[in-house]
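Below: one structure, written as structure tokens.
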Amino acid sequence: MSEDSSVSFTAQFNLSNQEFSLTGVLRPRSLAEIADALALLRSAIETVKGVCYVNLKRVTHMNNTAFRALTRVLVDASRSRPELKFVVVASSVVAWASRQFQHLCDLSPNIVVEIYDSAFYPGQTFVENQSFIPILRTQTKMTWRHEREILPRHGLREGMSIADICCGIGDFAMLLRKEFAPAKIVALDHSALSLDYARAVAEDFDVRDIEYTYGDASQMLFESDQFDFVTCRHSLQIFDRPDLLLRELYRICKPGGRVYITNEKNSHCLGEPRSDSIQWTYTEVAKLFAYFDMDVEMGPKGRRLLLDAGFTDVKMESFMVTNLDGDPRDFADIITAWENVYAGEMAVKRGDPPDFIERFRQGFEDHIFAALHPRGYAGWPIWAASGQKPL
Ligand SMILES: C[S@@+](CC[C@H](N)C(=O)[O-])C[C@H]1O[C@@H](n2cnc3c(N)ncnc32)[C@H](O)[C@@H]1O
């Protein structure tokens, strides 16, 4: 927990579900900075009957001052109103949350602490679930033939120490290991399912020198200035606070080392024939992700993001994965996987009506049609960018 003052949060109380919620960064220097929020919590507690929910799922940082003040209010209230039950919901994505908040249960029997991850990043349930595995596997297969050529232009050499952050199912780390013979390679993700998959593949191939690690990319346990080359592919775009993640990538990179990122701009996916339908659907993909606070239009913003984060010598290039890159059915497989998750899960979760979902699906079908058409062309553009951490 950091002690530098930085307070940027909202406190709300919703009487209909008896839920007090905090969102954002709570690092006050003095209690005065969070006095209003504490007063709101106290008055909320006076109003509720039965169960009082305290939702901290989207608190990204909390220092000791805030933690102590908050727990004091809760412990006092649990004693003065023993008939109430308090359910505190925190996220394990904030590394210390589970440990600290569990003490509350020990202090008061009527306080229950639940650790709940899925709403920390609004899109987390989608990107961490199993349906993403086929998407990631096929995507990496298609992007690798481009990236193996691109990576040396961004400074990757043999014998480096590499970290692949938000590694997904670990296939990129495997490819890096094979092609660039790193001195050391670690791969971190927050999806236990994806890491299980990665470890099983590594075992099948008798690969023992990739360190797969569970962790939160925005608060990593790696020490600073560790790696020559840090990669983070297709992942900044799914964080609602990419700046926090970039700060961590910067921190773990050695001075003089480089951070390499890739991101997409989904509305620029294209195909012929049936271009209009395809374009409509991918413009809607971008809006759908934005609804869940993810920016799949991030690709061209990579240069600015790296410069803003303090990197120098920023290099950027784009490439287009197309149906002509190899077997067009590989391209079609990616689109099928997107259709399943984006139309089959995300649009449904957003509550889109059936006629929207039908049109939405049609654009994916048309993209597949273009990819498999003997005279068709289908593309998926990606931006690769890297920057050097100053010496
Ligand atoms: C779109 S996938 C990209 C995976 C991989 N880099 C690739 O290109 O195949 C995003 C990944 O970020 C991971 N992720 C999401 N939130 C995370 C967090 N807080 N810490 C670490 N990984 C996270 C997800 O589990 C998922 O594997």
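The values are calculated or read from the model by the stated rules, or taken from the named source; none is laboratory data. The structure presented is a predicted model; accordingly, all values stated were derived computationally and were not measured. When we count neighbours, we look across all protein chains shown, and the Cβ atoms used for this are built from the backbone with ideal geometry, even at glycine. Note: areas computed on protein heavy atoms with side chains; ligands, DNA, RNA excluded. Shrake-Rupley method; radii C 1.70, N 1.55, O 1.52, S 1.80 Å.
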Inset, instruction - Report, by residue number, each residue of the range 232-244 that is near the ligand (Cβ under 8 Å from one of its atoms) and closer than 21 Å to L151 by Cα. - result: C232, R233, H234, S235, Q237
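If I filter the range 258-287 down to residues being polar (S, T, N, Q) and in a strand (DSSP E or B), which single residue comes out as farthest from the ligand (Cβ to nearest atom)?
N263
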Legend entry - Among (1) in a helix (DSSP H, G or I); (2) in contact with a strand residue (DSSP E or B) (Cβ under 8 Å, 6 or more places away or on another chain), the one test that L391 misses: (1)
Inset, instruction - Working only within the range 268-292, note down all residues that are surrounded by fewer than 18 Cβ atoms within 10 Å (Cβ to Cβ) and either in contact with a Lys or Arg (Cβ under 9 Å, 6 or more places away or on another chain) or hydroxyl-bearing (S, T, Y) (or both). - result: E272, P273, S275, W280, T283, Y291
Legend entry - strands (runs of 3 or more DSSP E) contained in the range 183-257 and holding at least 3 residues at pLDDT 90 or above and open to solvent by less than 10 Å² (accessible area, probe 1.4 Å): 184-189, 227-233
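For the range 368-380, give me each residue that is under 19 Å from N266 (Cα atoms) and open to solvent by 10 Å² or more (accessible area, probe 1.4 Å). Before the answer, list the steps.
Initially, the range 368-380 is screened for residues under 19 Å from N266 (Cα atoms), giving 368-371, 377-380.
Of everything in the range 368-380, those that are under 19 Å from N266 (Cα atoms) and open to solvent by 10 Å² or more (accessible area, probe 1.4 Å) turn out to be I368, F369, Y377.
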Legend entry - Failed item, numbered, when D225 is tested on (1) within 12 Å of the ligand (Cβ to nearest atom); (2) touching a Pro at 6+ places or on another chain (Cβ under 7 Å): (1)
Inset, instruction - Looking only at the range 147-182, count how many residues are within 13 Å of the ligand (Cβ to nearest atom) and assigned to a helix (DSSP H, G or I). - result: 7
Inset, instruction - Answer with yes or no whether A347 is of a type outside the set (D, E), buried (at least 20 other Cβ atoms within 10 Å of the Cβ), free of Cβ contacts under 8 Å to residues at least 24 places away in the same chain and part of a helix (DSSP H, G or I). - result: no
